[in-house]
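*Asks:* Got a structure for you, written out below as structure tokens; questions coming shortly.
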Amino acid sequence: MTPAIELCHVTKRYGRFTAVDRLALEVRPGEMFAFLGPNGAGKTTTIKMIAGLLRPDEGTVRVCGHPMDHDGRQARMMLSYVPDEPFLYEKLTAREFLEFVARMYRLPPQTARSRIDRLVARLDMGSFLDQLTEGFSHGMKQRTVLAAALLHEPAVLVIDEPMVGLDPRTVRTVKELLTGITREGRTVFMSTHTLEVAEAVADRIGIIRRGRLAAAGTLAQLRSLAAANESLEDIFLRLTADEQDEAVETLPA
Ligand code: ATP
């Protein structure tokens, strides 16, 4: 099966600093993958390379088999990217914004209407759909950009820190939406600092430290790395500790 996302020895440097270092990773269709790591580990840089917004210095990114460097248009059509600080046109209502995005993707009006209706229901957006986005709370904005990102039904959703700053009800709504997407056979690649988020929703977790993959596997596989009495949090802290050597513990996919 063609991986939904494939990173082959991807390296990104900012000047002389290597932010992402020979990262190799495959994410399957229908998988929810959480990319976990401390501040500055290279999560956003990796996500931007997957989304085609940053070009790797070395290595290749493929989305649904399409190499981002040679077939970028096709690769980008397969995915949607939701940044951690998303952009909204403040003088539009949420409905107008969604209609604008639907037109950008050239969706037929009938298709656009039915998809907007479905996403509005799934994200519980009815109460603020016709308000200007300038007055929105973070949770309302996040739901609006998520709906916009899903309008063209991308095979891959790449999302930076999806749960930060959301209240428990909105976290539940977003979790259910993301889980629903993977049940439809689509892929979610999310970054997070938060262990609980990864633990709660991810099929597999990749832990990045100083631009390198420190470990990747299912929760059970990561737990199998634990020493006696070690929690997942202990494993995470151990794998991301500064004094750790450069060993990579990649478990079978
Ligand atoms: P956080 O969890 O804090 O958002 P992150 O894991 O997403 O961090 P990145 O934003 O990918 O990390 O940054 C990785 C490293 O690259 C950091 O040390 C950061 O300071 C550095 N970096 C990121 N963008 C640039 C840039 N444009 N120029 C120089 N250095 C950068």
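The values are calculated or read from the model by the stated rules, or taken from the named source; none is laboratory data. Because the structure is predicted, anything quoted here is derived from the model rather than measured. Methodologically, a virtual Cβ is constructed for each residue, glycine included, from the backbone with ideal geometry; neighbour enumeration extends over all protein chains shown.
*Asks:* For residues that are under 23 Å from the mean Cα position of the chain (by Cα) and surrounded by 12 or more Cβ atoms within 10 Å (Cβ to Cβ), tally how many sit in the range 101-126. Break it down into steps so the answer makes sense when it comes.
*Replies:* Residues of the range 101-126 under 23 Å from the mean Cα position of the chain (by Cα): 101-102, 104-105, 115-116, 118-125.
Those still in the list that are surrounded by 12 or more Cβ atoms within 10 Å (Cβ to Cβ) too: 101-102, 105, 115-116, 118-120, 122-125.
Summing the residues that are under 23 Å from the mean Cα position of the chain (by Cα) and surrounded by 12 or more Cβ atoms within 10 Å (Cβ to Cβ) in the range 101-126 gives 12.
*Asks:* Mind listing whichever residues of the range 132-149 are surrounded by 14 or more Cβ atoms within 10 Å (Cβ to Cβ) and in a loop (DSSP other than H, G, I, E, B)? Steps first, answer last, please.
*Replies:* From the range 132-149, those surrounded by 14 or more Cβ atoms within 10 Å (Cβ to Cβ) are 132-133, 136, 138-149; that's our starting set.
F136 - this is the single residue of the range 132-149 that is surrounded by 14 or more Cβ atoms within 10 Å (Cβ to Cβ) and in a loop (DSSP other than H, G, I, E, B).
*Asks:* Further question on the same structure: Yes or no: A34 of a type outside the set (D, E, K, R), touching a residue at least 24 places away in the same chain (Cβ under 8 Å), assigned to a strand (DSSP E or B) and in the same structural domain as P3 (by TED's automatic domain parsing)?
*Replies:* Numbers: of a type outside the set (D, E, K, R): yes; touching a residue at least 24 places away in the same chain (Cβ under 8 Å): yes; assigned to a strand (DSSP E or B): yes; in the same structural domain as P3 (by TED's automatic domain parsing): yes.
When the stated conditions are applied, A34 passes them.
*Asks:* Do you know which residues across the range 38-53 are on the phi < 0 side of the Ramachandran plot, of a type in the set (G, A, S) and either within 7 Å of the ligand (Cβ to nearest atom) or surrounded by fewer than 18 Cβ atoms within 10 Å (Cβ to Cβ) (or both)? Break it down into steps so the answer makes sense when it comes.
*Replies:* Residues of the range 38-53 that are on the phi < 0 side of the Ramachandran plot, as a first pass: 38-39, 41, 43-51, 53.
Filter once more, keeping what is of a type in the set (G, A, S): 41, 51.
A41 - this is the single residue of the range 38-53 that is on the phi < 0 side of the Ramachandran plot, of a type in the set (G, A, S) and either within 7 Å of the ligand (Cβ to nearest atom) or surrounded by fewer than 18 Cβ atoms within 10 Å (Cβ to Cβ) (or both).
*Asks:* Follow-up question, since we're still on this one. Could you list, in sequence order, all residues of the range 9-31 that are in a loop (DSSP other than H, G, I, E, B) and within 9 Å of the ligand (Cβ to nearest atom)? Spell out how you get there, then give the answer.
*Replies:* Step one: list which residues in the range 9-31 are in a loop (DSSP other than H, G, I, E, B), which gives 15-16, 28-31.
Across the range 9-31, the qualifying residue is only G15.
*Asks:* May I ask you to list the residues in the range 158-211 that are more than 16 Å from the ligand (Cβ to nearest atom), within 21 Å of V101 (Cβ to Cβ), outside any helix (DSSP H, G or I) and touching a helix residue (DSSP H, G or I) at 6+ places or on another chain (Cβ under 6 Å)?
*Replies:* V188
*Asks:* To continue, here is another question. Considering D84, D69, which residue is acidic (D, E), touching a residue at least 60 places away in the same chain (Cβ under 8 Å) and out of contact with any His (no Cβ under 6 Å at 6 or more places or on another chain)?
*Replies:* On the way: D69 fails: touching a residue at least 60 places away in the same chain (Cβ under 8 Å).
Being acidic (D, E), touching a residue at least 60 places away in the same chain (Cβ under 8 Å) and out of contact with any His (no Cβ under 6 Å at 6 or more places or on another chain) holds for just one of D84, D69, which is D84.
*Asks:* Right, F87: outside any helix (DSSP H, G or I) and crowded, with 17+ Cβ neighbours inside 10 Å or not?
*Replies:* no
*Asks:* Let me ask another. Starting from the range 212-233, keep only residues that are assigned by TED's automatic domain parsing to the domain that holds E196, then list their pairs with residues that are part of a loop (DSSP other than H, G, I, E, B) whose Cβ atoms are within a distance under 6 Å, requiring at least 6 positions of separation or different chains.
*Replies:* Pairs that qualify, where the first residue is assigned by TED's automatic domain parsing to the domain that holds E196 and the partner is part of a loop (DSSP other than H, G, I, E, B), are L213/V248; G217/L251; Q221/L251.
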